[in-house]
């Protein structure tokens, strides 16, 4: 197994550790969770960079990297929902999970036809924006990111949802040929 794939597996292993810190009742738990989340997010950037640089792109990486991303971001959002974090509600979570199921389903159809669909630019932007928003939410839990009447978290969540939905629509349209309804 190459290093990029090991980094993807490390990201998956870090998820329960992140969840533990988010939901446990110890001093500075959110700071610890933030550190684990940032580390996991960095493995995402690093695994893709290394895979492309050293020509180690694998089918495993193409499939598991986006799944690991989804697991990490959805785990964070579920934790936020459990903790009643402002602006993260069930509608936000349902829209994001709905998009992820549709895209994963489309990828499974592609696999059944011996095709692997790598993440597109909007999907990558979606992941980056979700990570930025999640980090900002955790920072807001530590120190308020509200600046007078401007609430950074509210706007980040709105933009995150819009990019997530748009990227799903764009992905579906660009791969509509896979839906033959045989």
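List of remarks:
- Part-to-part distance (alpha-carbon centres) for the range 139-156 and the range 4-25, which is given in Å: 26 Å
- Global geometry of the chain, whether rounded, prolate or oblate, following the gyration tensor of its Cα atoms and the 1.5 cut on a/c: oblate
- Distance between modelled label sites at residue 109 and residue 1, nm, 7 Å Cα→Cβ extension: 3.1 nm
- The distance between label points at residue 86 and residue 24 comes to 2.8 nm (points 7 Å beyond Cα on the Cα→Cβ vector).
- Helix 29-53 vs. the chain, principal-axis angle (Cα, 0 to 90°, nearest 10): 30 degrees
- C-alpha long axis of helix 90-112 to longest principal axis of the chain, angle in °: 20 degrees
- Divide the volume of the convex hull around the Cα atoms of the range 92-131 by the residue count and you get 60 Å³ per residue.
- Degrees separating the helix 3-23 axis from the principal Cα axis of the chain, which is the longest one: 30 degrees
- FRET E, pair residue 166, residue 94, Förster distance 22 Å, beta-carbon r, rounded to 0.05: 0.85
- Comparing 107, 52, 11 in a Gaussian network model of the chain where C-alpha atoms under 10 Å apart are linked, the largest mean-square fluctuation is found at 52.
- For the peptides 130-139, 14-23, residues were scored by their other Cβ atoms within 10 Å and the scores averaged per peptide; the highest-first order is 130-139, 14-23.
- If you run the Gaussian network model on the chain, springs between alpha carbon atoms under 10 Å, then out of 170, 100, 113 the most flexible one is 113.
Quick note: the coordinates plus some simple rules give every number you see, no bench work behind them. Just so we're clear, the structure is a prediction, and the values are computed from it rather than from any experiment. All Cβ positions, even for glycine, are placed from backbone atoms using ideal geometry, and neighbour counts span all protein chains on display.
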